[in-house]
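Contents: one structure, followed by commentary.
The values are calculated or read from the model by the stated rules, or taken from the named source; none is laboratory data. The structure presented is a predicted model; accordingly, all values stated were derived computationally and were not measured. When we count neighbours, we look across all protein chains shown, and the Cβ atoms used for this are built from the backbone with ideal geometry, even at glycine. Note: areas computed on protein heavy atoms with side chains; ligands, DNA, RNA excluded. Shrake-Rupley method; radii C 1.70, N 1.55, O 1.52, S 1.80 Å.
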Amino acid sequence: MGTDGADEMSDTSDRSPRDWCARAVTMLSAGRPDSALAAAGAAAHLDPASEWAYRLVSLAQERIGRLPEAVDAAERAVLLAPGSWAARLRLAAVLRHVPGRWDEAAEQAALAARFAPEEPDTHVLVADLDLLRAEHAEAARAYREALRLDPRHAQARVNLGLTLLRWERSRTHHDPAWPIDPRGTGQARRALEVWSRQTRLLVAVATAAVAVAALAFDRGPQAVLGGLAVLALMAGLTVRQARRVRAWAYVPAMLVRDPWFGAAVAGGIVAVAAFAGWLALGSAPAGIAVVPGLRSGGLPWVGLLWAGLGGLAVLGWPVLAAVRSLAETWRGHPLRALTHFRQAAHEPRPDEGAGERAASRNAGVTLWVLLGRTWSVLVPLACAALVVEPLAAVATLAVPYPMLRAWRASRYGRDRWLAVAAGLVGAAAVGCAAGGGFGLVWGWRLGFGALGAVVVVFALRAARSWWKGVPGPWRASLIMCELPMGAEPTVVLTAQVRQAFGYARTVVLAYGDVLGPGVAGAVATITASGELKVIAGAQAWEAIEADPRVAVFAADPLQRRFWVEVRGVALAGSDVLRVTPKRVLVGEFPGRHQRR
């Protein structure tokens, strides 16, 4: 805790608990969680029944990185006000980061949405949990509901764009609902990925070396022995990496959850098997005719199989990388996602700068995805036109239009590399169209030269990002927007409201029922923490179990024209209903002169 936090703690008597809570919110918005923790701690010290103070303590602890303390404070807030949607939201937000407690986080988020369906933050957190599990359809529905309630909600807007891109977080292999620590499955993934890379690289190099030794230097038997030595080396690598895997029980599910990870592991197995079969065919009696067959141009079926296995061993890795790159480029709806990113980036709320930064970053990555998609269409189209019908190359003029329009509308001029690449794509389309439509040789040269230059620009931009350690032009650079949740102030019951309930002869409890709204007489008292304790009939209890949202109405007999209505969430206690206020309405009955 810094010196400013110590100074703040020294004058706790000068401020009320709510003043300290308000100061904590200000410090959190300013990015000073240590000072916020000191202020929230002062509020909790002055008023141990303030669930708002404990929510802010939890939020500050989470910002600092103290998850266990943040969970304890959030659970304390829920204990003080079990009907508070903000307390449930805060607990869910911190529990999602704790291994093995994902189900509890989902349960608390669902309760928050049930207690306050009119609050957009409750729907956003439910959607965030769905998005982190790659359940994009469910997440999109919840984000759209939040935007219906608040069209300027930056977090909902940015993360909805991620659902349209079919974004998945970096730990795709790990299900957050698993009770195991993500570090355990991460270690298993790294070990299997290292094994896959090493084996595929060794197989490719060994296959090329054996083929060169057998075909160019006529050293077939020696080359086969060298290949067998490589197989023995790979067996040692396999044992070494297998010992690093501590979560074998989760490996099958990890391979299913992350198809590309599964494909990489399967590719390593296939590469080793292909290499072993290739060596066996080359060294078996039936394979004696393979090399002469290759030289003479006549390939028997054994030679075809031998060549196919060799190609699989050497080309499996680059082919898989190319397929993955193409699949990632064509995944999702980048144009629709870019609309949401652009709106969140250029129309942010004053207190949601983090949302603006995430939106701008995601917009830049999405434009690169659009560029790759455009390039992947231009190349085969131009090649087909050059070979089949040159006049068809005129169609290349229409291909870059969506990408160029999106780039200009996004006003994303900070990435000059992207501007250069976009210009090259446009030049490639113009050049190919000129070459095919007017038979200009320089047009074809310009078009294909520009397409090649796009690859160079992308490679340089990627290398620059890798070297500087900054986000690169790839999907892995997409990020979620995570704004602080659960800092909303509690509803205060003023002395006038407390007097109305304290002296009221009749208290009315209104609730929702399957047959329509219901009303029951009740007796209410107010606790020190600001909750209402209501005694009502059994029918009201049964209805509240289905829908806990209620309204409690009372009139002050001391001030005959004064009435108060408290809207909140009712939960069943041991013998009474505990109502946590969400909104307080006060007013006066009309006088005699207002009867007509």
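If you keep only loop residues by DSSP, which GluC sites (Glu not before Pro) in the stretch 10-88 have at most 15 other Cβ atoms within 10 Å of their Cβ? Before the final figure, lay out each step's value.
On the way: sites: Glu51, Glu62, Glu69, Glu75; in loops: none.
Passing sites in the stretch 10-88 do not exist.
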Roughly how many nanometres apart are two label points built 7 Å out from the Cα toward the Cβ at Ser376 and Tyr503?
7.4
Just need the relative contact order of the chain here, percent rounded to a whole number, with Cα pairs under 8 Å and 6+ apart.
11
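Evaluated at 20 °C with a viscosity of 1.002 mPa s, what Stokes-Einstein diffusion coefficient in µm²/s does the stretch 466-537 have when Rh comes from the Kirkwood expression over alpha-carbon pairs? Display every interim value, and only then the final one.
Numbers: Rh = 17.3 Å.
Roughly 124 µm²/s, to the nearest whole number.
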Please identify every one of the GluC sites (Glu not before Pro) in the stretch 126-175 that sits in a loop by DSSP and has no more than 15 other beta carbons within 10 Å of its own beta carbon.
Glu135
If I take R0 = 22 Å and measure r between the Cβ atoms of His333 and Arg405 in this structure, what FRET efficiency does the formula 1/(1 + (r/R0)^6) give, to the nearest 0.05?
0.90
Accessible heavy-atom area order of Tyr250, Tyr503, highest first, probe of 1.4 Å
Tyr503, Tyr250
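Given the Cα-Cα distance of Leu228 and Leu201 and 0.36 nm per residue of separation, how much length would full extension add, in nm? Let's see the in-between values first.
On the way: separation 27, 0.36 × 27 = 9.72 nm, distance 1.56 nm.
Result: 8.2 nm gained on full extension.
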What are the ³J(HN,Hα) couplings of the stretch 370-384, residue after residue, when phi is run through the Karplus curve with 6.51, -1.76, 1.60 and θ = phi - 60°? Round to Hz, x for glycine and proline.
4, 4, x, 5, 5, 4, 5, 8, 5, 4, x, 5, 5, 5, 5
What net charge do the residues around Glu193 carry, taking every other residue with its C-beta under 12 Å from that of Glu193, with Lys and Arg at +1 and Asp and Glu at -1?
+4
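Working from the pairwise distances between different alpha carbons, so that the mean of 1/r is found and then inverted, what is the stretch 53-93's Kirkwood radius in Å? Can you show the working numbers first?
Numbers: mean 1/r = 0.1055 Å⁻¹.
With all distinct Cα pairs of the stretch 53-93 included, I get 9.5 Å.
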Scoring only Lys, Arg, Asp and Glu (+1, +1, -1, -1) among other residues with Cβ under 12 Å from the Cβ of Leu95 yields -2
Compute the FRET efficiency between Ala208 and Ser325 as 1/(1 + (r/R0)^6), taking r as their Cβ-Cβ distance and R0 = 22 Å, and round to the nearest 0.05.
0.40
Along principal axes, Cα extents of the stretch 423-500, largest first, whole Å
91, 34, 14
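Ordering Leu378, Leu391 by accessible area with a probe of 1.4 Å, largest first, what comes out? Mind showing how you got there, number by number?
Details: Leu378 5, Leu391 105 Å².
Correct descending sequence by accessible area is Leu391, Leu378.
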Note, the stretch 304-318: 3J(HN,Hα) by Karplus (6.51, -1.76, 1.60, θ = phi - 60°), whole Hz, Gly/Pro = x, goes 4, 5, 4, 5, x, 5, x, x, 5, 5, 8, 9, x, 5, x
Modelled label reach - Val256, point 7 Å along Cα→Cβ, the stretch 177-195 residues with backbone N closer than 15 Å
177-178
Which net charge results for the neighbourhood of Ala570, defined as the other residues with beta-carbon distances under 9 angstrom from its beta-carbon, given Lys and Arg at +1 and Asp and Glu at -1?
+2
Each residue of the stretch 481-491 in order: what ³J(HN,Hα) in whole Hz does its phi give by Karplus 6.51 cos²θ - 1.76 cosθ + 1.60, θ = phi - 60°, with x for Gly and Pro?
9, 10, 8, x, 10, x, 9, 5, x, 6, 7
When all C-alpha to C-alpha distances in the stretch 307-402 are sorted into bins of 10 Å, what percent of pairs does each bin hold, rounded to whole numbers?
14, 28, 27, 20, 9, 3, 0
Please label the shape of the stretch 51-139 as rounded, prolate or oblate, based on the square roots a ≥ b ≥ c of the eigenvalues of the alpha-carbon gyration tensor (a/c under 1.5 means rounded; beyond that, a/b larger than b/c means prolate, else oblate).
oblate
Per the Debye formula with a single identical scatterer at each Cα and no solvent contribution, what log10 I(q)/I(0) holds for the stretch 106-221 at q = 0.14, 0.15 Å⁻¹?
-0.70, -0.75
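Please work out the FRET efficiency for the pair Ser16 and Arg357, using the Cβ-Cβ distance as r and a Förster radius of 30 Å; give the result to the nearest 0.05. Spell out each step's value before the answer.
On the way: r = 35 Å, r/R0 = 1.16.
It comes to 0.30.
By average Cβ neighbour count within 10 Å, what is the ranking of 204-212, 436-444 from highest down? Each step should come with its number before you reach the end.
Values: 204-212: 18.2, 436-444: 15.1.
Going by the mean number of other Cβ atoms within 10 Å, highest first, we get 204-212, 436-444.
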Span per principal axis, largest first, for the Cα atoms of the stretch 357-485 (Å)
60, 28, 21
Value at 222 nm in deg cm²/dmol, rounded to 500, when DSSP H runs of n ≥ 4 in the chain each add -39,500 (n - 2.57):
-21000 deg cm²/dmol
Both in Å, the radius of gyration and Dmax of the C-alpha trace of the chain are 33.0, 116
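For the stretch 508-590, what percent of Cα pairs sit more than 18 Å apart? Can you show the working numbers first?
Numbers: 1331 of 3403 pairs.
For the stretch 508-590, the fraction of Cα-Cα distances above 18 Å is 39 percent.
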